[in-house]
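A quick write-up on the structure given underneath.
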Amino acid sequence: MMSRFFKLLALLAFATLAAPVSAQSDVHGTWTAEIHQGKVFLQVRTTPPADWNRSGNWNGDWNMGQSFPVDELSGLPANDERLTAASVKFDLRREAGTLAMEGSFREGRGAGLFTFAPRDAYVGEMRSLGYGDDLPLWRRFQLAIHDVGPKYIRELKTEGVRGAGAPGVNDNKLTLDEIQRAKTHGVTIEYIKGIKAEGFRTASLENLVRTRDHGVTPEYIKAMKAEGYTGTTLDEFVRTRDHGVTQAYIQGMKQAGFGNATVDDLVRAKDHGVTPESVQEIRGLGLNLTTLDQFVRIRDHGVRADFVKEMKAAGYDKLTAEELIRVRDHGVTALYIRDLSAQGIKNVPLDDLVRMKDHGVSADYVADMKELGLKDLTLSQIVRLRDHGITPGFVNHARARGFKTTDPDELVRLKNGGLWRD
């Protein structure tokens, strides 16, 4: 039975959405819903009138999805997440009008058709509040969907929320577009009261939309203040929220010894990946770092706990932070050290390791030279040969022309004398 209903629904939906709205006297479309933990996630879909999008870029259906408490949808039974019914009617009632739903549910999931019935008194009520905007049926439908009406507008005025305004115009008046946007973005009266209670009493509605979008809640502000970061503007809290500076992060950094860090310090540290855990790891490896700048610096240069451990295991267990940064920058790794050691080049001073790496001396190069009889070379000799392009190919080329020498200096002279071009 349910499968037949959904097939029928698909056909009805196609006919409903394909009809030109400009020729209709009402707004109607399809809906889907899912009941979960006392809430209903409701999605409605319809086709806007041809003149709705004045920019001309819109060429599709319009849809909205939002969660509602079950008791806001008149006609749906409460506490029935497994609702199954072949025929269901319920309403979403708003000041601008009512969305009347008909359809079916199976195990808490439903679908069907809706029609929007505008409330006649709404336009007059809005005008009495100073909103004489043109309110065609489609606009009233949108305002109903987002629950924008006299009640919300009066509450905004009571809270003293101001609009962005324009120079030379009534700067405090909220436009209907501003109000609808705020409601769409979840700026409720409770949210506004919470922000005001934290000391931000003069925020514009546009600013409140921004803070809400960025996750700055009254609870977040209160938690930050508890850690000593009071902030003088909402933008400062937007910044810390965007950069992931939370109460837990601050507490962790305090425990790590950075109780006097400023907001800028913490934002920079978080951006560069410095966490309480990474601080403790590095300190646990014996590195004597005391400032956040030092931890930021080693992070920026790729010095991680694993790198430090590997260098210690390779025999370099007394390196300072700056020495670790230097070898990391020059590409000296524990693997490079082990490969050289396998060729008999062991306990190399740090400066020599860096020099060899910078000059392209690899373990494979040393092994190739050994196979050609160039053994027991000093580090300086190996570097000099590499710098002058003495490769296995050149050595074999020289020998093919009767030069059997294994003297590094002689090989360099032959190369410089043009033998390779012979």
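The values are calculated or read from the model by the stated rules, or taken from the named source; none is laboratory data. Predicted model, so just to flag it, every value in this text is computed and none were measured. Please note: Cβ atoms are built from the backbone with ideal geometry, for glycine as well, and neighbour counts cover all protein chains shown. Quick note on the areas: whole protein, heavy atoms, side chains included, nothing else; ligands and nucleic acids left out. Shrake-Rupley method; radii C 1.70, N 1.55, O 1.52, S 1.80 Å.
Under 12 Å from the Cβ of ALA334, count the other residues' Cβ atoms, weight Lys and Arg +1, Asp and Glu -1, and hand me the total.
Details: positive: LYS309, LYS312, ARG328, ARG338; negative: ASP306, GLU310, ASP317, ASP339.
Once all neighbours under 12 Å are counted, the net charge is 0.
Largest mean-square fluctuation among LEU385, LEU208, LEU156, in a Gaussian network model of the chain whose springs join Cα atoms under 10 Å apart, belongs to LEU385. Measure nothing but the geometry: give the 0 to 90° angle between the long axis through the Cα atoms of 2-18 and the longest principal axis through the Cα atoms of the chain, rounded to 10°. Between helix and principal axis, roughly 80 degrees.
Taking the Cα centre of the range 379-422 as origin, sum charge times position over the Cβ atoms of Lys and Arg (+1) and Asp and Glu (-1), and report the length of that vector in debye to the nearest 20. Let's see the in-between values first.
Numbers: 8 positive and 5 negative charges, 25 e Å.
It works out to roughly 120 debye.
If only the Cβ of Lys and Arg carry +1 and only the Cβ of Asp and Glu carry -1, the dipole of the range 258-322 around its Cα centre is close to 160 debye.
How big is the shadow of the Cα convex hull of the range 74-212, averaged over all directions, in nm²?
Working: hull surface 41.5 nm².
If you wrap the Cα atoms of the range 74-212 in a convex hull and average its projections, you get 10.4 nm².
Count Lys and Arg as plus one, Asp and Glu as minus one, and take only other residues whose Cβ is under 12 Å from that of GLY75; the net charge is then -2. Just the protein heavy atoms count here, and of the accessible area of the chain at 1.4 Å, carbon and sulfur take up 47 percent.
Any idea what the dipole of the range 193-322 comes to, in debye rounded to 20, about its Cα centre with Lys/Arg Cβ at +1 and Asp/Glu Cβ at -1? Working shown, then result.
Numbers: 19 positive and 19 negative charges, 70 e Å.
So the magnitude is around 340 debye.
Here's the picture: charge each Lys and Arg Cβ at +1 and each Asp and Glu Cβ at -1 in the chain, and of HIS214, LEU374, GLN37 the one pushed furthest to the positive end of that dipole is LEU374. Along the axis of the charge dipole computed for the chain (Cβ charges of +1 for Lys and Arg, -1 for Asp and Glu, origin at the Cα centre), the listed residues GLY160, SER87, ILE345 are led at the positive end by ILE345. Listed peptides 250-256, 62-68 appear in the order 250-256, 62-68 once ranked by packing, highest mean of other Cβ atoms within 10 Å at the front. Close amide-amide hydrogen proximity is noted between SER74 and ASP91, ARG93, each under 5 Å apart and 5 or more residues distant or on a separate chain (H modeled in the peptide plane; Pro and chain starts excluded).
Sorting 390-400, 73-83 by average packing, meaning the other beta carbons within 10 Å per residue, from highest down gives 390-400, 73-83. Put a dot 7 Å past the Cα of THR184, heading toward its Cβ, do the same for GLU107, and the two dots end up 3.6 nm apart.
Counting only helical runs of four or more DSSP H residues, what would the 222 nm mean residue ellipticity of the chain come to if each run contributes -39,500 (n - 2.57) and the total is spread over all its residues?
On the way: 21 runs with 196 residues, N = 422.
Helix-only estimate at 222 nm: -13500 deg cm²/dmol.
Compute log10 of I(q)/I(0) for the range 210-282 with the Debye formula, placing one identical point scatterer on every Cα and leaving out solvent, at q = 0.11, 0.28 Å⁻¹, to two decimals. For the requested q values the scattering log ratios are -0.25, -1.41. In plain terms, if you count all Cα to Cα distances in the chain and split them into 10 Å steps from zero, the share in each step is 4, 15, 15, 14, 12, 11, 10, 9, 7, 3, 0 percent.
Note on the range 252-376: Rg/Rh from Cα positions, Kirkwood definition for Rh, rounded to two decimals, is 1.11. Per residue, the accessible area of the chain comes to 53 Å², computed with a 1.4 Å probe over protein heavy atoms only.
Computed 3J(HN,Hα) for the range 265-280, one whole-Hz value per residue from the Karplus formula 6.51 cos²θ - 1.76 cosθ + 1.60 where θ = phi - 60°, is 4, 5, 4, 5, 4, 5, 4, 8, x, 7, 10, x, 5, 5, 4, 5, glycine and proline marked x. Rounded, prolate or oblate: which fits the range 361-413, taking a ≥ b ≥ c as square roots of the Cα gyration tensor eigenvalues, rounded meaning a/c under 1.5, else prolate when a/b beats b/c? Verdict is prolate for the range 361-413. Legend: P(r) of the range 61-116 from all alpha carbon pair distances, 10 Å bins from 0, whole percents, reading 21, 59, 19, 1.
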